[in-house]
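Step one of this worksheet: look at the structure below.
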Amino acid sequence: MTGAPDAGPSRALLIGAGGYAALPALPAAVNNALALRDVLMSDAVLGVPPENCRVVLDPRARLVLSEAVREAAAAAQDTLLIYYSGHGIVDPEVDGLHLAAHDSDTGEIDLTALPYEWINRVLKASPATRRVIILDCCFSGLVLRNYGALGTDGTYILTATSASLPAHSPVGETHSAFSGALLQVLREGIPGAGPCLTLGRIYQAMCEILREAGRPQPRCLDGNGAGSLPFVGNPAHGAVRSPPLPPAPLPPAPPPPQPWWRKVLPVVAGAGEAAAGAMRHPFGSARRAVTVALCLAAVVALGSRLWWPHHVEREVPPKTPVRAAVMEGDPRTADPCALLSPTSLSRFGDASIDPAYGAPERCDVLVKASDGEVTDVNAEFALTDTARAPTGVTRFQHVRVTMETADGSECDRDIGLPGGFHIAITAKQGKAADRCALADAVTDHAVDLLNAGPVPRRSAPSAASLMAKPACSLLDRTALGKVAWLGTPQPEPGFAGWSCAWDSDTAGAGVQLRFDLGQLDDLGQPTVLGGRRAYVLPANNGPDDCGVVVVHRVTDADGGDNAETVRLDVSAGRSTTQLCDAAKVFGTAVAGKLADT
């Protein structure tokens, strides 16, 4: 699979579910499916033969949906395109997306709506080499979270919105917001983008259209580079321009007469399907060959400028680049709290932000459910570990999101930024069923914010603050040399210089130092190191570890116990006594450095 789709062995299934017995009507859904059919059958776009493009309107039951999906998946040998526009229903028992049919009932979701999990299994069994799934429904981003790791090459999923947000169908408009943007890109093309459009380029253009209109941002999952391959022709390519010297260009040829089958394409409403005419366009195969040839030429050229007589690339003035998701300026001024929105979490309970709940590069939002259980969701900036290749990555315009598998105690998401930075989103405590839903809601808000501009900023730390100091400077070679069994480790600074790690060449030995914010309660055994208030924490992170906490300053003006502290952990295959003795030596050295600054 390296070139554009071959329309002959490909199949397109377009579902417009607009009428319902127990759910609000969505008239735009039918309009979406019919309009997309016409665009896909256009020779300038994809040239799908009518017999290979099936339209199902107002499916009466989930069985109609499942049979249509099964038939299309089994018949497709090259490209399988499945489009659904209608109601997306979330089953709270399994947190999974279901696609609604006419008789779907929110009280009996599992019996009356089609679970995407079932569609996912059918996709895996399909002989198609490329699978394109387009979902225009509420909460459609759930499929990216729950079924992101498809295990099959060549799958591209495009959704109208995130896992936690509804899709948008403006009152009085013919099409929904998402499908309207998709149709606009396919019909008008993208000037300067070459003879073919990739799914990735289509997605980027849709994001721009929807962002400018203030509408929900779409999401996508690109399986093994499927989004970078030629997909459809670009109607904006090859604009005719008069040459500067004679001879004058020939006038453009008149358009060919509209084929008879395009004028009389019937829609069979009784069965809920729009049946295309059985005859192929007599010139469809020849025109399709031209489109494929142009797409393949673009791939071979690797982006170089192509030229044919009287047909040149349209010159497009460059756009001012959006500094989206960029970590501009001093990393110490990056504001993690600005990525959190208690309002966006109100459906889960009472939410409030706590900016002093851990490291300075972190911010927490605490969500208290109606039964009193509290879930802690935090966003934390970090440097990207280049040695660890991320898996299950979904690109959302300017950022990458990794959906980690939830374990028994927490649910993790990771937002990758340009420039070697990332944001870790972690939900822990509280109800197990709410953790991943909360992590996704926080991730959705942060992704939308980052795709609209650079990382939010806050004021720089004052000179008296611990956050104005580089962590690696608090332990020098002299201090590290006082513990002979540690060896001669080299410092590795963390994000904004607020943490530092010394990994020894002695197996399993190391020192971790980081700055922290929080209350001085239950920290460990109180002591004094270098004249400063401190605490010792034997076996802090396990039997091969001992930690110390050195207080820099108390920050509460009203006499409270919120403070800036240095947390230091020593780990090695040594006794607890040896580890704590080393930790105290290093804590004393840190206290001395703090006194000097």
If N is the residue count of the range 1-155, its Cα Rg over 2.2 N^0.38 Å rounds to 1.00
Calc'd 3J(HN,Hα), the range 157-169, phi into Karplus 6.51 cos²θ - 1.76 cosθ + 1.60 (θ = phi - 60°), Hz, glycine/Pro = x, comes to 10, 10, 10, 6, 7, 8, 6, 10, 10, x, 7, 10, 10
Taking a ≥ b ≥ c as the square roots of the Cα gyration tensor eigenvalues, with a/c under 1.5 meaning rounded and otherwise prolate when a/b beats b/c or oblate if not, the range 479-597 comes out prolate
Note, the range 524-539: 3J(HN,Hα) by Karplus (6.51, -1.76, 1.60, θ = phi - 60°), whole Hz, Gly/Pro = x, goes x, 7, x, 7, 10, 10, x, x, 10, 4, 8, 9, 10, 10, x, 6
LEU366 neighbourhood, Cβ < 9 Å, K/R = +1, D/E = -1, net charge -3
Taking only Cα atoms of the range 34-115, the Rg to Rh ratio with Kirkwood Rh works out at 1.04
With a 1.4 angstrom probe the carbon and sulfur portion of accessible area for the range 71-134, in percent, totals 49 percent
Distance in nm between SER465 and GLU93 label points, each 7 Å along Cα→Cβ, equals 5.0 nm
Given 342-355, 364-377, the highest-first ranking by average Cβ count within 10 Å works out to 364-377, 342-355
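The values are calculated or read from the model by the stated rules, or taken from the named source; none is laboratory data. Bear in mind the structure is a predicted one, so any value in this text is a computation, not a measurement. Cβ: placed from backbone, ideal geometry, glycine included. Neighbour counts: every protein chain shown. These accessible areas exclude ligands, DNA and RNA; they are computed on the full protein's heavy atoms, side chains included. Shrake-Rupley method; radii C 1.70, N 1.55, O 1.52, S 1.80 Å.
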